[in-house]
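What follows is a short report on a single structure.
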Amino acid sequence: MKFIFMNLMPYRDLPENFEKDYESVYISIPRTLYDPVKGHEMYNDYIDQYELAIDLGFDAVGVNEHHSNGYGLMPSPNIIAGTLARKVKDSEKTCLLILGNSLALYNPPIRVAEEFGMLDVITGGRLIAGFPVGTSMDTNYAYGVSPAELRPRYYEAHDLIKKAWTEDEVFHFNGKFNQLRYVNVWPRTHQSPHPQIWIPGGGASLETWDWVAENDYNYSYLSFYGHKFAQDKFDKFWARRLEKGYDMNPYKASFVQLICISETDAKAQEEYEEHINYFFEKSFHVSPRYAEAPGYRSPRSVAAGMRSQYGSEGAGAQLRKGLNWQQLIDQGFIIAGSPESVREQLREASKKLHVGNIIALLNHGSMPHHLACKNIELMAKEVMPHLRDMWDDQWPVTNWPEVQLKANKESVK
Amino acid sequence: MSSPKIETVKVRDNITAKVLIKGEGQPVVFLHGAGGNVWDPYLEELSKQYKVYAPFIPGHGGSTGNTELQGWWDLVLYYYELFDALGLETVDVIGHSFGGMLAAELASTDPKRVKNLILIAAVGLWIDETPVTDVFSYVNTPDVLLEKMFVDLDCDAAKAFSTLPENEEQRIEAIVENLIALAEAGRYMWPIPDKGLDRRIHRLTANTCIIWGDKDALVPVDYAYEFYKKIPGSKVEIIENTSHYPQAEKLEDVVNKTVEFLSTSPVAK
């Protein structure tokens, strides 16, 4: 089992009645609510948290991209990745997961090939390249890409980047959306032929999963509604792989989980409950105006979504509404409690989902720095060591940089 | 109200259009708004006096070509070819909202193709002080959208607009088709429905009638006068107490004004 520490980098000081007084945490959140003096402290605390996670031996640290957003303050994940790159390089085997750059938003998209190339070389080949489509809020509303063009632009950018990473000759690219006379990306990536590619996304379609499998990528399900909400997606994901003749290696998939650890179950509730509530109530206060532009998903996905109670992330929000602490745990939205409880819940969830990579969210909403550090430390010392070898007797680690594959081979010996 | 005929028209070797057709007499083309092509009482009334052609935009209602066509100019040329395929060398065109943007562009790019032009609550121009509302952002809140489309939410037209089929599969199909129309129109309207008509509208020679709701909550009535200023000799008809769908909210009034304008203007051949 691999563990990735990820921090959404939320603005942790939204007004008390934010969800009542303001339309949305995304797109229309007033910029006057952002206090750069507090922001300075937050960024530096959050970078400290990443550095702590590297010191404590997480397999990777993960950054992601959001725009005009009060819960995700990495409009440029590559900048945060850049600040972490040297520490990643100096660590024993921690990798750098960017999950990722929303390809359709980069003009020209070879910018992604270049910056990822830089990070891969600086870290000595420890980069994992995440290529998400991006949310409708980020892509359609904040960055103005028309929903109908979003996916064609994404796939074209993907093809261009991949070619830029694998083609040794200078080449031209005459695409529908990108025309470049001379494509020649310097530096080339440290890993050969290129860094592992992971595809982060919401409840993807069968077509997306097929494409992921054909390319031998990892699929990372980025939902914030927890392991039980994710079950339906992963059941379909694995069924599709079997149907298409691919293996069931759990390292082909990752899932995101909110985790809260303290000395005892009771203390976990005492320490984390208000911050989890802040996360769901304030950080996730997204107006339906911007939640999904028409055309963001294919007509078939929309229709399928309407037929299932697990059909969309919006459905996750509905299912979560009004749940108390214990219900949030019982229904899998959060994994919380003493280290022992967390180990059990996480083992159970990973088994059921059949997933080899856990993207652990450990800093939630309004959490103070010291509590986030405590959560990270307990995760690294009291939880991860007990679950690390979960899949190793059955499956080889795949879709990771060499440093991790080597570590695994050695530990198996 | 009997249903119009749905005709499949070959526009190019690999592109076909679905066109609603009904009526006899002088031809008139109706270009629908971003919400999709709906045979409403306005079109029904017009079909009693005209031969009405209402094509679905590519990608919507069975019309193909949405992935072959790239960008605004491909779409404009496509419509000329569609007119050719329908045998309409010079024709009267009515455009509603997004359809108005398209109609104005067709009349500006090749002025001889459009004889009489009716723009109903058309987009296509842009005024920084009174921006066009981002209609797409209201699709997830149908109640709010309804309030923006109509002044009187209790009128029959508003009820017809907001009523979905009771049968679940039919309801899903209706919602999905509406989203498709929005996404396809969105190719040309996103994120701002201004593709430079302002720089070309001086070419327009069609007799033009501009019909607008005085309380249009999506495309403010200021735009009626903006079109009027840019189209010398045009006339403006303000429909009181209506919003973005005046031909539904004041059916008789708008039908009368349409017929009056088309019958007193020089007839298209």
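The values are calculated or read from the model by the stated rules, or taken from the named source; none is laboratory data. Keep in mind it's a predicted model, so treat the numbers as computed, not measured. With ideal geometry, Cβ positions are generated from the backbone for all residues, glycine too; neighbour counts draw on all protein chains shown.
A few notes on this one:
- Of all residues making up the range B:149-185, the number that are crowded, with 20+ Cβ neighbours inside 10 Å, closer than 16 Å to B:Gly33 by Cα and not small (Gly, Ala, Ser): 7
This table checks each residue for (1) touching an Asp or Glu at 6+ places or on another chain (Cβ under 8 Å); (2) closer than 20 Å to A:Ile359 by Cα; (3) aromatic (Phe, Trp, Tyr).
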position: A:Met9; (1), (2), (3): no, yes, no
position: A:Arg31; (1), (2), (3): no, no, no
position: A:Pro36; (1), (2), (3): no, no, no
position: A:Leu52; (1), (2), (3): yes, yes, no
position: A:Leu56; (1), (2), (3): yes, yes, no
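- Qualifying residue in the range A:369-382 (condition: part of a loop (DSSP other than H, G, I, E, B) and closer than 20 Å to A:Val61 by Cα): no
- Enumerated helices (runs of 4 or more DSSP H) restricted to the range B:124-240, each holding at least 1 residues that are within 14 Å of chain A (Cβ to nearest Cβ): B:142-149, B:168-189
- Test: residue in the range A:106-114 that is surrounded by fewer than 22 Cβ atoms within 10 Å (Cβ to Cβ) and either more than 25 Å from A:Phe171 (Cβ to Cβ) or touching an Asp or Glu at 6+ places or on another chain (Cβ under 7 Å) (or both): no
- Annotation note: of A:Ile128, A:Ile79, A:Ile161, the sole residue that is crowded, with 24+ Cβ neighbours inside 10 Å, of a type in the set (Val, Ile, Thr) and out of contact with any helix residue (DSSP H, G or I) (no Cβ under 9 Å at 6 or more places or on another chain) is A:Ile128.
- Within the range A:40-63, the presence of at least one residue that is more than 24 Å from A:Cys260 (Cα to Cα) and surrounded by fewer than 21 Cβ atoms within 10 Å (Cβ to Cβ) is confirmed.
- Scanning the range A:287-302 for residues that are touching a Gly at 6+ places or on another chain (Cβ under 9 Å) and in a helix (DSSP H, G or I) turns up A:Pro288, A:Ala291, A:Ser301, A:Val302.
- Any chance A:Thr189 is assigned to a loop (DSSP other than H, G, I, E, B) and either buried (at least 21 other Cβ atoms within 10 Å of the Cβ) or more than 24 Å from the chain's Cα centre (by Cα) (or both): yes
- Against the criterion of being more than 24 Å from B:Ile211 (Cβ to Cβ) and crowded, with 21+ Cβ neighbours inside 10 Å, B:Ser3 does not qualify.
- Yes/no for A:Gly365 being away from chain B (no Cβ under 14 Å) and either crowded, with 20+ Cβ neighbours inside 10 Å or within 23 Å of A:Met9 (Cβ to Cβ) (or both): yes
- The range A:256-286, subset in contact with a Pro (Cβ under 8 Å, 6 or more places away or on another chain) and part of a helix (DSSP H, G or I), residue nearest to A:Val383 (Cα to Cα): A:Phe279
- Which numbered condition A:Tyr155 fails, given (1) farther than 27 Å from A:Pro30 by Cα; (2) more than 14 Å from every other protein chain (Cβ to nearest Cβ): (2)
- Single residue of A:Ser262, A:Ser287, A:Ser283 found to be within 14 Å of chain B (Cβ to nearest Cβ), of a type in the set (Ser, Thr, Tyr) and over 16 Å from A:Asp216 (Cα atoms): A:Ser287
- Residues of the range A:231-255 that are aromatic (Phe, Trp, Tyr) and either part of a loop (DSSP other than H, G, I, E, B) or surrounded by fewer than 15 Cβ atoms within 10 Å (Cβ to Cβ) (or both): A:Tyr246 alone.
- Taking the criterion of being under 24 Å from A:Gly337 (Cβ atoms), in contact with a Leu (Cβ under 8 Å, 6 or more places away or on another chain) and of a type in the set (A, V, I, L, M, F, W, C), the residues of the range A:270-319 that qualify are A:Ile276, A:Phe279.
- Of all residues in the range B:66-102, those satisfying the criterion of being assigned to a loop (DSSP other than H, G, I, E, B) and within 13 Å of another protein chain (Cβ to nearest Cβ) are B:Asn66, B:Thr67, B:Glu68, B:Leu69, B:Gln70, B:Gly71.
- Within the range B:208-247, the set of residues being surrounded by fewer than 17 Cβ atoms within 10 Å (Cβ to Cβ), under 19 Å from B:Leu262 (Cα atoms) and touching a Ser or Thr at 6+ places or on another chain (Cβ under 9 Å) comprises B:Gly233, B:Lys235.
- Residue check, A:Lys20 within 22 Å of A:Ile358 (Cβ to Cβ), modelled with pLDDT of 95 or more and of a type in the set (D, E, K, R): no
- Hits in the range A:19-54 (condition: under 30 Å from A:Ala380 (Cβ atoms) and of a type in the set (Asp, Glu)): A:Glu41, A:Asp45, A:Asp48, A:Glu51
- Of all residues in the range A:1-46, those being in contact with a Ser or Thr (Cβ under 6 Å, 6 or more places away or on another chain) and free of Cβ contacts under 8 Å to residues at least 60 places away in the same chain number 0.
- Any hit, the range B:186-197, residues being farther than 15 Å from B:Ala34 by Cβ and of a type outside the set (Lys, Arg): yes
- Among the residues of the range A:7-33, the ones that are more than 22 Å from A:Val63 (Cα to Cα) and not in a loop (DSSP other than H, G, I, E, B) come to 7 in all.
- Set B:Leu86, B:Leu20, B:Leu69, B:Leu77: member being in contact with a helix residue (DSSP H, G or I) (Cβ under 6 Å, 6 or more places away or on another chain) and not polar (S, T, N, Q): B:Leu69
- Within the option set B:Leu106, B:Leu20, being without any contact (Cβ under 8 Å) to a residue 40 or more places away in the chain, farther than 26 Å from B:Ile201 by Cβ and surrounded by 22 or more Cβ atoms within 10 Å (Cβ to Cβ) holds for one residue only, B:Leu20.
- Looking only at residues of the range A:356-393 that are free of Cβ contacts under 8 Å to residues at least 12 places away in the same chain and over 24 Å from A:Phe284 (Cα atoms), we find that the one that is farthest from the chain's Cα centre (by Cα) is A:Asp393.
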